[in-house]
Amino acid sequence: MNQQPIALILAAGKGTRFKSKTIKILHPLLGQPMIFYVLDTVKKLGTNDILVVVGYQKEKVMSALKEREVQFVIQDQQLGTAHAVMAAQAALRPFLERDLLVVNGDLPLLRPESLQPLLEFHQRERNALTFVTALMDNPFGFGRVIEVSKGKYRVVEEREASPEQKKIKEANVGLYLFRIKDLFGALPKVSNNNSKQEFYLTDLIEILSQQGKKVRPFSLPAKDEIVGVNDRYELAQALRVLQIRKNRSLAQLGVTIIDPETTWIDIGVEVGEETIIYPGVVIEGKSKVGKDCRLESFAVIRDSILKDDVHVLASSVVEGSILESQTKVGPFTHLRAGSHLRKGAKVGNFVEMKKTEFGPESKAMHLSYLGDSKIGRQVNIGAGTITCNYDGLKKHETQIEDEVFIGSGTQLVAPVKIGRGAYVGAGSTITKNVSPEALAVARGRQVEKSGWARRKRKKG
Ligand code: UD1
Ligand code: CA
């Protein structure tokens, strides 16, 4: 009977080696908690019944997973990996004839393509237990696999291993398939008589072997899937693998990533074909980049939508913003949340923008701050323009209608409105609305005192 197994994901442990306030399995990798990767892999295997063992920070874990179709099992005290499985016994009792896929929650690199052959092997061989192993150059920290006698196995944990056993290269990956009936027959035999005084799931390998049940290792050849993320250095190693996988999948869709090793794109980010991404670019969160875009080095794009043919020049930061097609930003531009550049707009060097609608083909090329504003089409914002949007208590809006020309060095004291087609003279401090088609100049009149400087020098 080739029924899909029930899956049990172990996610109750604190992850002490992470030295973190946050439970290990909620740490993000490319913008997504570690546990989501495990869940997605299990789900792609076709498993519909997924149980997650929670304990440490269980409210946080359950809330992170609230939109996932999973059932929670609570392990109040974390007394070891076998103890975590014991906590699921009641939930599993109706399914004695089925198989159980047990996965450590800290294996984010596993791929469904690798799990499929495991499942087939387990069912074809009618094993009571299949445990996944891998040959590692440096198996430090992993349990080591020992074939006690032909077809009988046991796993010894790193802490318990003798110097000889530590030389064994075959390691236990932390992924198992049990026949539930046999699992139930062996679980009560697990003791915590070991250096950690924990109930080790790995003891079941020996117990089931001794009970004469068929226990077999299944060797996983894919080395880049078996990193168990126990500390932050292993987190970095896992990140590297995911980074390259993501960048490769984008390249296959027609995106040019010049240097995949220095480009960090979150797992959920979409990028359109023919887009070119320079070294050092970061694209995070719920971002979406269209076709034919060019993102130059050290651009950081976060939770933003870039339509087609958008050009972001070097060292610009774009957050919570929308950039319509044919817009151009940077270098050194900061677009903060709520900026919306309409088609063909250009924003240049050292311009900061926030909560601003910036109309089609409008330009702000140099050294400006535009906040809480509505700016129409074909507006020219001169260098050094500042919307004075904050009076110390409240934010106020600036409106600039179509085809307005704002001269350089202007301060617009909000709330204020500049009517369609008006001009504002350079260096003005505008405190009152300007009528359409008018010229407003608000600065001290220039005076000239002829010979003044010469007279001053003579006196001195
Ligand atoms: C475990 C294996 C080891 C294997 C390694 C692979 C045991 C005893 N050892 O060791 O042979 O080489 O994984 O990475 O199983 N958890 C709970 N409740 C608990 C304890 C742990 O849910 O009481 C969860 C953790 O959250 C984690 C997973 O089980 O997701 C594995 O626990 P961890 O402490 O990381 O085991 P390792 O020491 O890595
Ligand atoms: Ca681990």
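The values are calculated or read from the model by the stated rules, or taken from the named source; none is laboratory data. On a predicted model such as this, the values are computed, not experimentally measured, just so you know. Cβ: placed from backbone, ideal geometry, glycine included. Neighbour counts: every protein chain shown. Please note that ligands, DNA and RNA were not included when accessible areas were found on the heavy atoms of the full protein model with its side chains. Shrake-Rupley method; radii C 1.70, N 1.55, O 1.52, S 1.80 Å.
The figures follow:
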read-out: Rounded percent of accessible protein surface that carbon and sulfur make up, segment 95-179, 1.4 Å probe; value: 51
read-out: Cα centroid separation - segment 39-95 against segment 209-246, whole Å; value: 20
read-out: Globularity index of segment 6-226, i.e. its alpha-carbon radius of gyration over 2.2 N^0.38 Å; value: 0.95
read-out: Segment 225-288 - Rg (one decimal) and Dmax (whole number), Cα, Å; value: 12.3, 38
read-out: Heavy-atom SASA rank of Arg126, Arg445 (probe 1.4 Å, accessible area, largest first); value: Arg445, Arg126
read-out: Enclosed volume per residue, in Å³, of the convex hull spanned by Cα atoms of segment 137-245; value: 127
read-out: Two-decimal log10 I(q)/I(0) for segment 1-91, as the Debye equation yields it once each C-alpha is a single scatterer, q = 0.14, 0.15, 0.22, 0.23 Å⁻¹; value: -0.49, -0.56, -1.16, -1.25
read-out: Cα-based convex hull, segment 406-460, per residue volume (Å³, whole number); value: 100
read-out: Phe298 accessible area, 1.4 Å probe, all protein chains in place, Å² to nearest 10; value: 130
read-out: The chain: relative contact order in percent, alpha carbon pairs under 8 Å with at least 6 residues between; value: 8
read-out: Rounded accessible area of Asp76 (nearest 10 Å², 1.4 Å probe); value: 120
read-out: Per residue value of the accessible surface for the chain (all protein chains in place, 1.4 Å probe), Å²; value: 49
read-out: Built amide H within the under 5 Å cut-off of Leu51, gap 5+; value: Ala7, Leu8, Ile9, Gln71
read-out: Heavy atoms of Tyr278 accessible to a 1.4 Å probe, total area in Å² rounded to 10; value: 70
read-out: The chain - Rg over Rh from alpha carbon coordinates, Kirkwood radius; value: 1.20
read-out: Share of carbon and sulfur in the accessible heavy-atom surface of segment 232-440 [1.4 Å probe, %]; value: 53
read-out: Computed [θ] at 222 nm, deg cm²/dmol, the chain (DSSP H ≥ 4; -39,500 (n - 2.57); rounded to nearest 500); value: -5500 deg cm²/dmol
read-out: Size descriptor, Kirkwood hydrodynamic radius, that averages inverse alpha-carbon separations across segment 366-429, Å; value: 11.4
read-out: 5 angstrom amide H check on Ile400, placed H, neighbours 5+ away; value: Lys374, Ile375, Gly376, Ile418
read-out: Dipole of segment 232-440, positive direction: furthest Cα of Thr356, Ala299, Val255, with charges on the beta-carbon; value: Thr356
read-out: Under the span-like rule (Cα at least 27 Å along the axis, Kyte-Doolittle mean at least -1.0), DSSP H helices of the chain; value: 232-252
read-out: Entries of Lys363/Lys417; Lys19/Lys58; Lys66/Lys223; Lys58/Lys166; Lys291/Lys395; Lys291/Lys417 with Cα pairs more than 28 Å apart; value: Lys66/Lys223; Lys58/Lys166; Lys291/Lys395; Lys291/Lys417
read-out: Cβ charges +1 (Lys, Arg) and -1 (Asp, Glu), total dipole of the chain, debye; value: 1900
read-out: Descending Cα extents along the principal axes, segment 247-384, whole Å; value: 42, 20, 20
read-out: Sorted peptide list for 413-420, 133-140, criterion being average Cβ within 10 angstrom, highest first; value: 413-420, 133-140
read-out: Residue among Ser63, Thr327, Pro117 farthest towards the positive dipole end of the chain, charges placed on Cβ; value: Thr327
